[in-house]
1. Leaving out ligands and nucleic acids, note down the accessible area per residue over segment 98-212 with a 1.4 angstrom probe, in whole Å².
2. Using 7 Å Cα-to-Cβ label points, what is the A292/A375 separation (nm, one decimal)?
3. Which net charge results for the neighbourhood of Q276, defined as the other residues with beta-carbon distances under 15 angstrom from its beta-carbon, given Lys and Arg at +1 and Asp and Glu at -1?
4. What order do you get for 67-74, 272-279 when each peptide is scored by the mean count of other beta carbon atoms within 10 Å, highest first?
5. Short version: ³J(HN,Hα) in whole Hz for each residue of segment 371-376, in order, from phi by Karplus 6.51 cos²θ - 1.76 cosθ + 1.60 (θ = phi - 60°), x for Gly and Pro, what are they?
6. When all C-alpha to C-alpha distances in segment 271-352 are sorted into bins of 5 Å, what percent of pairs does each bin hold, rounded to whole numbers?
7. Roughly how far apart, in whole Å, are the Cα centres of segment 244-300 and segment 304-350?
8. Can you give me the distance in nm between label points at R164 and S270, each placed 7 Å from the Cα along the Cα-to-Cβ direction?
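The values are calculated or read from the model by the stated rules, or taken from the named source; none is laboratory data. These numbers were taken from a predicted model, which means no experiment stands behind them. Note that we place each Cβ from the backbone using ideal geometry, even for glycine, and neighbour counts take in every protein chain shown. The accessibility values were calculated without ligands, DNA or RNA, using every heavy atom of the protein model including side chains. Shrake-Rupley method; radii C 1.70, N 1.55, O 1.52, S 1.80 Å.
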Amino acid sequence: MSSYRSAARLLAALLSTCALSTGGAFAQTTVTSAPPSSFTLGNGLQVVVIPDHRTPVVTEMIWYKVGSADETPGKSGLAHFLEHLMFKGTEKHPVGEFSQTVLRVGGNENASTSVDYTNYYQRVPREQLPTMMEFEADRMTGLVLKDENVLPERDVVLEEYNMRVANSPEARLSEQVMAALYLNHPYGRPVIGWHQEIEKLNREDALAFYRRFYAPNNAILVIAGDVEVADVRPLVERNFGPIPAQPAIPAQRIRPQEPEPAAPRTVTLSDPRVEQPGVRRYYLVPSATTAAAGESAALDVLAQLMGSGSNSYLYRALVVDKPLAVSASASYMGTSLDATQFAISASPKPGVGFAEVEKVIDDVIADIVQNPIRAEDLERVKTQLIAQAIYAQDNQAVLALWYGGSLTTGLSIEDIRSWPDRIRAVTADQVRAVAQKWLDKKRSVTGYLIKDTATAKREEKRS
């Protein structure tokens, strides 16, 4: 039912096949051809309506401005645990009724938890929106939790941890790298939680978290699809309007922030199950919310230039020209309330050492900093990024993700709509400047994934 992948990563997956070459025709293109409508109820609930009349379908997606970074220390995984428990029913609608109704009308649903937010969505035929909204408003305050369904669900989360993290060397390395990257900020905690803390989560923890954070003044409701704001507003007012605001919720989320990085760090994870060694380097960089003007867009362009596709600088240097690796990529996670990550990863070929691969990575960065970026390369990657925004219009669920993920991390509707324009405005000098300023090794953690051959041999003998 749930996933703790961030919506940003889900959005990236949905858009990964959307890049195309379209020249420079989209200099003034925005994410949608017409701005969505937005209004706020008296209890603080923000509502965004994105009309899309091509099919008689609607996506309802509610975003709570609370994620794993908002948990009390010692209660890691609580936001994700509550996400699971939100499907356990209310006094008005017993467990299973909501999900069965979605299935019966031919819809689909899911939820996700990230560091900054938790969201729940249903995609259903247009005429089912009133029913979905009634269910969603009811579980904002009416959740009923009993030990007989809370404790088994905790076991489900523990099994999810085992499946997604404990049994995945790649995920364990990411967990350790993030913990090393964030010395003070709660982004260093895994969204799913630390195993020993998940084991202790209980009904009282979940209810306290629910009552503290699940309220209309801490939520954004995004409705995308075959609707108009004039039709949606009365539904929202009828279902969500009577719910009182939670006065204890602060206007801003204040979190511990990172000190200025002073030294590069390394993490090595050795596991007998590793089939493909890898190297990952994460840099601590500003997000779209915290960056200075122009920096976030320049980091988007830099990531695309360095590590997106077979024409990217890292791929050509490591996979095509040498070749030293079987894969190479770079990414920038701009959708974040606080400082975020610029990530580089590569998988060396057999017999190739990490040092060889890292030297090429460092050379690529140095070349970007020291030499002019070719105009045709810059235009190509900017066009690819803008094309992603164009193609986002083809999927109402993607639009809902785009708006919800951005609005819950401090951006505005205008910020979202003007993103392609900011990408088009990025200059070669800006890309070089952010590479020099932020891709400094002192700001990085490098993780190495290697095969534990001794343990693997012992296990082979036992079997």
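1. Numbers: 4810 Å² over 115 residues.
Ligands and nucleic acids excluded, the result is 42 Å² per residue.
2. Roughly 2.7 nm, to one decimal.
3. +1
4. Working: 67-74: 19.2, 272-279: 16.4.
Final packing ranking: 67-74, 272-279.
5. 10, x, 7, 4, 4, 5
6. Going from the shortest bin to the longest, the percentages are 3, 16, 21, 19, 15, 12, 8, 4, 1, 0.
7. One Cα centre to the other: 17 Å.
8. About 2.9 nm separates the two model spin labels.
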